[in-house]
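Notes follow once the structure below has been shown.
The values are calculated or read from the model by the stated rules, or taken from the named source; none is laboratory data. What you are looking at is a predicted structure, and each value in this text was computed from that prediction instead of being measured. Note that we place each Cβ from the backbone using ideal geometry, even for glycine, and neighbour counts take in every protein chain shown.
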Amino acid sequence: MSKKVLVTGGCGFIGSNFVHYMLEKHPDYGIVVLDKLTYAGKKENLASVMDKIEFIHGDICNKGDVEKAVKDCDFVVNFAAETHVDRSIVDSESFILTEVLGVGRLLEAAKETNVERFVQISTDEVYGSIKNGSFKETDSLNPRNPYAACKAAAELLTKSYFETFNTPILITRTTNNHGPFQNAEKFIPKIVINALRNKPVPIYGNGQQVRDWIYVLDNCEAVDIVLHKGKLGETYNIKGGNEKTNLELVKQILKILGKPESLISFITDRLGHDERYSLDDTKIRNGLGWKPSTTFGDAIKKTVQWYIDNESWWSNA
Ligand SMILES: NC(=O)c1ccc[n+]([C@@H]2O[C@H](COP(=O)([O-])OP(=O)(O)OC[C@H]3O[C@@H](n4cnc5c(N)ncnc54)[C@H](O)[C@@H]3O)[C@@H](O)[C@H]2O)c1
């Protein structure tokens, strides 16, 4: 049956990929995008589909914008967030506002209307660092930077609406995404762009921090499955199953680009830098029958190629 889906933050990296994915997967669905168009949001990410969606330029912290956007929607998927850890360390205010007040506004609107399912997009960073093994959804949260703490706060608020009001929420915690349309300040785009410009490629500390990487369209598929089939009130880990040290990843990308490792430049480590994030995704695999379909080797080549082919998209960075 046809549904109307509100995608907040739909002009950002994952949100815009999700809009493209949903239009292909569910061509009968109506899509509404609410986006503040911060430095990270680009309307041009949706240029090819603007005639197929309803676009609202607005802020999830603004009650009027949120009520207008949520009205008549069956589903809400909240990607809107401030997302750069380094920025949250310099100034956390916009993170606190968007991740807490903004999520609260969306939940209030969902509670007051006929929203059937509300997915809050969260991150593996809420668990904090783990030396060995992997976090399960039932493990406690231990966020260690202001971005992660704000995302954890957003999750707790979301869950409280389920417990208190029976608001039909779900939460996804995803590992690092890569793919088209990611802002140039983020790790992979920065490596690719600097290397293409033959400029130093910065790596924090010794580069031994471990992250798992998922291709963004795999994540979009997983979010779609959770949106349709997830059990209300539940949280689902989503991962690509590709853990790499930052140094390994940089070397792999330089190899794809045919650039020398001498471009690597080790810089002072990020404050409170978590050593390793790792998720156990048994719940979504066994419970919802989802697993990623791309292999890392192919997907990272596609991502690198996208930045090579779309220089005009990032050339002002
Ligand atoms: N990128 C990753 O690897 C990753 C991993 C796990 C979880 N996440 C989560 O996924 C979501 C999307 O991440 P992303 O990398 O696409 O982020 P992004 O920074 O590329 O995009 C964020 C989008 O939200 C919009 N936005 C910001 N504040 C807003 C507000 N107050 N009102 C309306 N719109 C606002 C921005 O304009 C932008 O379009 C975030 O919630 C993030 O925490 C991202």
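Might you let me know whether the stretch 155-172 holds any residue that is within 30 Å of V192 (Cα to Cα), in contact with a helix residue (DSSP H, G or I) (Cβ under 6 Å, 6 or more places away or on another chain) and in contact (Cβ under 8 Å) with a residue 12 or more places away in the chain? Break it down into steps so the answer makes sense when it comes.
Kept after step one, since they are within 30 Å of V192 (Cα to Cα), are these residues of the stretch 155-172: 172.
Still in the running and in contact with a helix residue (DSSP H, G or I) (Cβ under 6 Å, 6 or more places away or on another chain): 172.
Filter once more, keeping what is in contact (Cβ under 8 Å) with a residue 12 or more places away in the chain: 172.
Yes, some residue in the stretch 155-172 is within 30 Å of V192 (Cα to Cα), in contact with a helix residue (DSSP H, G or I) (Cβ under 6 Å, 6 or more places away or on another chain) and in contact (Cβ under 8 Å) with a residue 12 or more places away in the chain.
Which number in (1) under 22 Å from G64 (Cα atoms); (2) exposed (fewer than 15 other Cβ atoms within 10 Å of the Cβ); (3) touching an Asp or Glu at 6+ places or on another chain (Cβ under 6 Å); (4) not charged (D, E, K, R) marks the one condition that S2 misses?
Against the list (1) under 22 Å from G64 (Cα atoms); (2) exposed (fewer than 15 other Cβ atoms within 10 Å of the Cβ); (3) touching an Asp or Glu at 6+ places or on another chain (Cβ under 6 Å); (4) not charged (D, E, K, R), S2 comes up short only on (1).
What about S48, is it away from the ligand (no atom under 14 Å from the Cβ), out of contact with any Asp or Glu (no Cβ under 6 Å at 6 or more places or on another chain) and under 18 Å from L217 (Cβ atoms)?
On the way: away from the ligand (no atom under 14 Å from the Cβ): yes; out of contact with any Asp or Glu (no Cβ under 6 Å at 6 or more places or on another chain): yes; under 18 Å from L217 (Cβ atoms): yes.
In short, yes.
Being surrounded by fewer than 21 Cβ atoms within 10 Å (Cβ to Cβ), more than 23 Å from P143 (Cα to Cα) and either at pLDDT below 95 or within 12 Å of the ligand (Cβ to nearest atom) (or both), is that true of even one residue in the stretch 84-96?
no
Only one of (1) more than 10 Å from the ligand (Cβ to nearest atom); (2) of a type in the set (V, I, T); (3) under 23 Å from L37 (Cβ atoms); (4) surrounded by fewer than 24 Cβ atoms within 10 Å (Cβ to Cβ) fails for I130. Which number is that?
Going through the list (1) more than 10 Å from the ligand (Cβ to nearest atom); (2) of a type in the set (V, I, T); (3) under 23 Å from L37 (Cβ atoms); (4) surrounded by fewer than 24 Cβ atoms within 10 Å (Cβ to Cβ), I130 breaks only (3).
Being part of a strand (DSSP E or B) and of a type in the set (A, V, I, L, M) is the filter here, so list the residues in the stretch 205-259 that pass it.
Taking the stretch 205-259 and keeping what is part of a strand (DSSP E or B), we get 210-215, 235-238, 243-245.
Once the filter is applied, which keeps residues that are part of a strand (DSSP E or B) and of a type in the set (A, V, I, L, M), the stretch 205-259 yields V210, I214, I238.
Hey, any hits in the stretch 102-111 for a residue that's within 12 Å of the ligand (Cβ to nearest atom) and of a type in the set (V, I, T)?
So far as the stretch 102-111 goes, yes, one or more of its residues are within 12 Å of the ligand (Cβ to nearest atom) and of a type in the set (V, I, T).
When you look at K151, is it crowded, with 22+ Cβ neighbours inside 10 Å, in contact with a helix residue (DSSP H, G or I) (Cβ under 9 Å, 6 or more places away or on another chain) and over 19 Å from V210 (Cα atoms), yes or no?
Details: crowded, with 22+ Cβ neighbours inside 10 Å: yes; in contact with a helix residue (DSSP H, G or I) (Cβ under 9 Å, 6 or more places away or on another chain): yes; over 19 Å from V210 (Cα atoms): yes.
Considered against the rule, which asks whether it is crowded, with 22+ Cβ neighbours inside 10 Å, in contact with a helix residue (DSSP H, G or I) (Cβ under 9 Å, 6 or more places away or on another chain) and over 19 Å from V210 (Cα atoms), K151 comes out as yes.
For the stretch 1-43, name all the residues that are more than 6 Å from the ligand (Cβ to nearest atom) and among the aromatic types (F, W, Y).
Answer for the stretch 1-43, where residues must be more than 6 Å from the ligand (Cβ to nearest atom) and among the aromatic types (F, W, Y): F18, Y21, Y29, Y39.
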